[in-house]
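Worksheet for the structure shown next.
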Amino acid sequence: MIDSYIPERPLSLYIHVPFCHKRCDYCAFYSSVFNSEVCDKYYRNLKLELEKIVSEVSKPFETVYLGGGNPILLGKERIVELLNIAYKYGKAKETTVEINPEDIDSSLSNLYPLVTRISTGLQSMSDNTLSLLNRRTRVKDNYKALEFLSSSPFIWNVDLITSVPTTEIADSIRDIDIVTSFNPDHISFYSLTFEENTPLIKRMAPIEEEVDRLFLLSGWHRLKEHGYDHYEISSFSHNGNECLHNKAYWSLSQYIGLGPSAESFLGYSDGVTMRNKESLEEFISSPSFDCERLTQEECEESFLLTLLRTKYGINKKEYERRFNRSFDSLYLKNINMLDKSWYKNDEVCFSLTEEGMMMNDSIILILSLSI
């Protein structure tokens, strides 16, 4: 299963826990309403899969991330058991668990230091907006979570959604001002997306693209005023607390995903992507991966797509080391087709400005014509 794994290179672990109290109307991730019997079956298979992977890898994971869904619905004891299995060959540099605000309380302190980072989806500090999104969480839950996390031993992340129809830019600024008063280590700030086959898209339309741009730019500016470093399109860190696990994705490092619909990437200049069984029922009956081998050209495109999301951009020496091709020779002609306000380019690195981040999809399309 992991024959493309390169032992000399870092490897991260993602565990998808698909259970929620209820599904939010905008969510396109694979999830299921919590059922204790189904959760027991899922956990038994997940544990077996993890033990198998750990024995094959035989080295510490660089980072571990339990995402969802709402992973705390597994139970703290099971989270501890999974992490002890994952740490058989050494503790990860960073271990994150996503937890919905209404499930955050002082008992989480018992997870430290096995867990080093907590990520919670506040989304909004307005009950009207939370109701519009069909969130189970209320503002009182958000405040309770903020109060605990701000005095906890964890590094902690919060998510905020902007560009919600019927809201104003001032509402997003207010959310930012409230949340930053608690000094979170990291804020993910992103536009509401309208995915196919979600209840949200059936009952309302997204705001216009130019208005969305104003929402984002206003939020980016406010977050920087509060001292947050805009290091990735949707990510802002405080005091250098960037998310190491996400940086592993964005640099196209190796990672294994366990749980229904979780994806993996193994390799370097070329590689294999693996996707676990799509549904919970399939995962419970026969956990296995669908594999696809990527060509070097496909890896190069993924490398561009992910790293150009970050302020660090493409290190040209690393690009040449990885793909045995000169970045400048390959892309300079197409870079010269771009608006100069969209990028920074020197001997060491090619990266996007904030204005370029707004045009990320168009830039990737232009550059990928060179591959």
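The values are calculated or read from the model by the stated rules, or taken from the named source; none is laboratory data. Not measured: the values here are computed from a predicted model. Cβ placement follows ideal geometry from the backbone for every residue including glycine, while neighbour counts extend to all protein chains displayed. All accessible areas refer to the heavy atoms of the entire protein, side chains included, with ligands and DNA or RNA removed. Shrake-Rupley method; radii C 1.70, N 1.55, O 1.52, S 1.80 Å.
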Ignoring everything but the protein chains, give the 1.4 Å probe accessible area of Met337 in square angstrom, nearest 10.
120 Å²
Within segment 96-116: backbone nitrogen closer than 20 Å to the Ser36 label point (7 Å, Cα to C-beta):
103-104
Taking the Cα centroid of segment 39-58 and of segment 11-35, what is the distance between the two, rounded to the nearest whole Å?
18 Å
Put +1 on the Cβ of every Lys and Arg and -1 on every Asp and Glu Cβ in the chain; which of Gly240, Gly271, Leu83 then has its Cα farthest towards the positive end of the dipole?
Leu83
So how much slack lies between Asp105 and Ser58, counting 0.36 nm per residue of separation and subtracting their Cα-Cα distance, in nm?
13.4 nm
Test of understanding: in a Gaussian network model of the chain with alpha carbons linked when under 10 Å, which of Leu133, Leu48, Leu223 would top the mean-square fluctuation ranking?
Leu48
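Kindly give the semi-axes, whole Å and largest first, of the ellipsoid equivalent to segment 182-305, taking each as the square root of 5 times a Cα gyration tensor eigenvalue.
Details: eigenvalues 192, 96, 49 Å².
With the √(5λ) rule applied to segment 182-305, the semi-axes are 31, 22, 16 Å.
Evaluate the charge dipole of the chain about its Cα centre and quote only its size in Debye, nearest 20, assuming +1 on the Cβ of each Lys and Arg and -1 on the Cβ of each Asp and Glu.
Numbers: 39 positive and 55 negative charges, 152 e Å.
Using Cβ point charges on Lys, Arg, Asp and Glu, the chain gives about 720 debye.
What number, in percent, do you get for the relative contact order of segment 198-275 if the mean sequence gap of Cα pairs under 8 Å and at least 6 apart is divided by its residue count? Don't skip to the end; give the middle numbers.
Working: 55 pairs, mean separation 9.5, N = 78.
Here the relative contact order equals 12 percent.
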Pop a pseudo-label 7 angstrom from the Cα along the beta-carbon direction at both Ile366 and Glu168 and give the gap in nm to one decimal.
3.6 nm
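Expected output is a single nm value to one decimal: the length gained when fully extending between Arg325 and Glu210, i.e. 0.36 nm times separation in residues minus the C-alpha distance. What is it? Write out the running numbers ahead of the final one.
Numbers: separation 115, 0.36 × 115 = 41.40 nm, distance 3.74 nm.
Length difference between fully extended and current span is 37.7 nm.
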Mind grabbing the base-10 log of I(q)/I(0) for segment 95-141 at q = 0.13, 0.24, 0.25 Å⁻¹? Debye formula, identical points on the C-alpha positions, no solvent, two decimal places.
-0.34, -0.83, -0.87
Note the listed values (1) 132, 96, 36; (2) 59, 48, 48; (3) 57, 51, 40, then indicate which one is Cα extents along the principal axes in Å calculated from this particular structure.
(3)
Using 0.36 nm times the number of residues separating Lys91 and Ser251, minus their current alpha carbon distance, what extension gain do you get?
55.4 nm
In the chain, if the dipole is taken from +1 on Lys/Arg beta carbons and -1 on Asp/Glu beta carbons about the Cα centre, which of Leu73, Phe19, Ile169 is farthest to the positive end?
Leu73
Counting only DSSP beta bridges with both residues in the chain, what percent are antiparallel, rounded to the nearest 5?
45 percent
Inter-label distance for Glu77 and Ser131, nm, one decimal - labels placed 7 Å from Cα along Cα-to-Cβ
3.9 nm
I'd like to check one number: the per residue accessible area of the chain, probe 1.4 Å, reported in Å² as a whole number.
44 Å²
At 7 Å along Cα-to-Cβ for each site, give me the label-to-label distance between Phe194 and Ser218 in nm.
1.9 nm
For segment 126-156 versus segment 332-367, the gap between their alpha-carbon centres in whole angstrom:
37 Å
